[in-house]
Amino acid sequence: MSAPAATAPPSRPERAWSRRAVRLAEAATTPLLPADYLDLFAPLRPGAALRGRIVEVIPETADAATLVIKPGSDWAGHLPGQYVRVGVDVDGVRQWRAYSLTHGPRRDGFLSITVKAVPDGVVSGYLVREAKPGTLVHLEQAAGEFVLPPECGSFLMVTAGSGITPVIGMLRNLFPSTDQGVLRPARSAAFDIVVLHVAPSEPDSIFLRDLRALDAAGAIRLVARYDDVHGVLDVDALAELVPDLAERTTYACGPGGLLEALEAHHDAAGLTLQTEQFRVSRVAVGEGGSVTFAQAGTTVEADGATPILDAAEAAGVLMPSGCRMGVCFGCVLPLTEGAVRDLRNGEITTAAPGDDVTVQTCINAAAGPCEFDH
């Protein structure tokens, strides 16, 4: 059979026509680009910035909900236990948070995250209480190394609060739940898993129904501890709760205090521990504070009534600027850590490392120590 004929490259006139067509399209949509209009009609298309559309919001507890999201075509998938960074626009500010994926690969291609609303949490509060089916969110590709090894083994999963989310993703992948109950496929038969789940109370225990179903099916052994019944978990009593602790690899996810205690305990006992921490720290909010510009290596003291832009320029820091009244966004900088207050309405914007928050420095003042990537 003869080889197919090679496709001829576009001729010079064809290339010129294509360039003219692009210029005409850009001129017709100015100040937007053609891609901006495509985003309105096909935001999940290949090649677009990665987004997702919320298709379902499922309440879990009084302050937690699972969001089922249809990701864009360029979503590359994930391993159970990994997390995804989700970006939402709240009051004109795009803010990012990381949430564990609560499942393995799904046949429908959707992904799900379970969010617990924290006090004064801008993003978590919005996702739990305001997000509706149809809402678009920004996504990054899955990341994280809190995943089970491919080979089987004996494991202890210690979870607290929303720290159950990456673990439930692992367990659902190992032992799928169907209308007929929990399945125990051959590929998972050699996994021996104990789950020590800690929560403030039984009603506050996320995924308790799933954990109990897995326990009843013999897929895991569940040890549930509630602070209002059993008191705060004493890690020195782990061997009483899990007698074969020394024979297991421990995976733990939860607040920093618990993980620090586990690390000290396991180091002293020579036990293996892998951790994943959910940030629960609060940003101190006040009136004014030190403003650090990381790249410039400069820190200035600013009061709570002076725009950051003005305070920085007065200290000799070269700053981007434009209208200086909050209209043109020419002064926007990434806030990497700390808190600022909008001088127009008093609203507080906070950031922790990795949140990717940007603010207008001409209309925001320091509301405590803060740092900018500038």
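The values are calculated or read from the model by the stated rules, or taken from the named source; none is laboratory data. Predicted model, so just to flag it, every value in this text is computed and none were measured. Neighbour counts run over all protein chains shown; Cβ positions are idealised from the backbone, glycine included.
Figures for the structure shown
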read-out: Counted residues, region 107-119 - those being among the basic types (Lys, Arg) and surrounded by 13 or more Cβ atoms within 10 Å (Cβ to Cβ); value: 1
read-out: Scope region 246-275; condition closer than 11 Å to residue 157 by Cβ and buried (at least 18 other Cβ atoms within 10 Å of the Cβ); matching residues; value: 248, 250, 251, 252, 253, 254
read-out: Flag if residue 115 is of a type in the set (A, V, I, L, M, F, W, C) and over 18 Å from residue 43 (Cα atoms); value: yes
read-out: Qualifying residue in region 155-164 (condition: in a loop (DSSP other than H, G, I, E, B) and buried (at least 17 other Cβ atoms within 10 Å of the Cβ)); value: no
read-out: Filter result for the condition that a residue is among the charged types (D, E, K, R), in a helix (DSSP H, G or I) and closer than 30 Å to residue 144 by Cα, over 310, 267; value: 267
read-out: Selected residue [surrounded by 13 or more Cβ atoms within 10 Å (Cβ to Cβ) and within 18 Å of residue 63 (Cα to Cα)] from 214, 174, 183, 208; value: 208
read-out: Qualifying residue in region 229-243 (condition: of a type outside the set (Lys, Arg), surrounded by 18 or more Cβ atoms within 10 Å (Cβ to Cβ) and in a strand (DSSP E or B)); value: no
read-out: Residue that is modelled with the lowest pLDDT [pool: residues in region 185-210 that are assigned to a loop (DSSP other than H, G, I, E, B) and within 22 Å of residue 112 (Cα to Cα)]; value: 204
read-out: Qualifying residue in region 121-133 (condition: part of a loop (DSSP other than H, G, I, E, B), in contact (Cβ under 8 Å) with a residue 12 or more places away in the chain and within 27 Å of residue 241 (Cα to Cα)); value: no
read-out: Test for residue 373: is it surrounded by fewer than 21 Cβ atoms within 10 Å (Cβ to Cβ), modelled with pLDDT under 90, closer than 28 Å to residue 277 by Cα and of a type in the set (Asp, Glu); value: no
read-out: In region 337-356, the residues that are in a strand (DSSP E or B), out of contact with any Gly (no Cβ under 8 Å at 6 or more places or on another chain) and surrounded by fewer than 22 Cβ atoms within 10 Å (Cβ to Cβ); value: 337, 342, 348
read-out: Within region 120-152, tally of residues that are on the phi > 0 side of the Ramachandran plot and either in the same structural domain as residue 70 (by TED's automatic domain parsing) or surrounded by 18 or more Cβ atoms within 10 Å (Cβ to Cβ) (or both); value: 2
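Conditions tested, residue by residue: (1) at pLDDT below 90; (2) loosely packed, with under 13 Cβ neighbours inside 10 Å; (3) not assigned by TED's automatic domain parsing to the domain that holds residue 130.
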{"site": "62", "(1), (2), (3)": "yes, yes, no"}
{"site": "79", "(1), (2), (3)": "no, no, no"}
{"site": "82", "(1), (2), (3)": "no, no, no"}
{"site": "97", "(1), (2), (3)": "yes, no, no"}
{"site": "101", "(1), (2), (3)": "no, no, no"}
{"site": "104", "(1), (2), (3)": "yes, no, no"}
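Let's see how each residue does on (1) β-branched (Val, Ile, Thr); (2) assigned by TED's automatic domain parsing to the domain that holds residue 91; (3) within 26 Å of residue 123 (Cβ to Cβ):
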residue: 308; (1), (2), (3): yes, no, yes
residue: 313; (1), (2), (3): no, no, no
residue: 318; (1), (2), (3): no, no, no
residue: 324; (1), (2), (3): no, no, no
residue: 337; (1), (2), (3): no, no, yes
residue: 342; (1), (2), (3): no, no, yes
residue: 349; (1), (2), (3): yes, no, yes
residue: 353; (1), (2), (3): no, no, yes
residue: 356; (1), (2), (3): no, no, yes
